[in-house]
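The values are calculated or read from the model by the stated rules, or taken from the named source; none is laboratory data. Being a predicted model, the structure only gives us computed values, none of them experimental. Cβ placement follows ideal geometry from the backbone for every residue including glycine, while neighbour counts extend to all protein chains displayed.
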Amino acid sequence: MLPLLQAQQAFTFPVLVLLGYRFFFVLPNALVSDWPDRFGDQTAGLRTPATEFSKKTVRRWALGSLALSGGLGAGLFTLGAVSPRLLLVDAVGLLVLALLVVGPWFKRW
């Protein structure tokens, strides 16, 4: 996003889809990584999704964000706005994050 603003380029539809794709790709990582530290955050008085919502709700948000990111990535591929190699690398990342969210690792926290 920042290089686009610095180059004073126009916000086109594919750019906005790419921005949404990246946002929803990173969001589950932030949600899941904050979960183990929820008690420390709560003690410090911080209000995060991990301290405000149940594990089930955080998992749903993370999975929904992963699904939305995958759909936006497919849309970007259809528009020809992103290379297949990038999507392949990102698909592996999405799979790993999805396994983390629904797998036994998340249940132990």
Hey, Leu31 touching a residue at least 12 places away in the same chain (Cβ under 8 Å), closer than 16 Å to Leu97 by Cα and touching a helix residue (DSSP H, G or I) at 6+ places or on another chain (Cβ under 8 Å) or not: yes
In region 49-69, residues that are part of a helix (DSSP H, G or I) and either over 10 Å from the mean Cα position of the chain (by Cα) or aromatic (Phe, Trp, Tyr) (or both) total 11
The condition of being part of a helix (DSSP H, G or I), surrounded by fewer than 17 Cβ atoms within 10 Å (Cβ to Cβ), modelled with pLDDT under 85 and acidic (Asp, Glu) holds, among Asp37, Asp90, only for Asp37
In region 75-97, anything under 15 Å from the mean Cα position of the chain (by Cα) and free of Cβ contacts under 8 Å to residues at least 60 places away in the same chain is listed as Leu87, Val89, Ala91, Val92, Leu95, Val96
With the first residue restricted to region 35-62 and required to be among the acidic types (Asp, Glu), and the second required to be not in a loop (DSSP other than H, G, I, E, B), Cβ contacts under 9 Å at 6 or more apart or on different chains are Asp37/Ala50; Asp41/Asp34; Asp41/Ala50; Asp41/Thr51
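Is it the case that Gly80 is surrounded by 14 or more Cβ atoms within 10 Å (Cβ to Cβ) and not β-branched (Val, Ile, Thr)?
no
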* With the condition kept exactly as written, say whether any residue in region 65-73 is surrounded by fewer than 16 Cβ atoms within 10 Å (Cβ to Cβ) and modelled with pLDDT of 85 or more. => yes
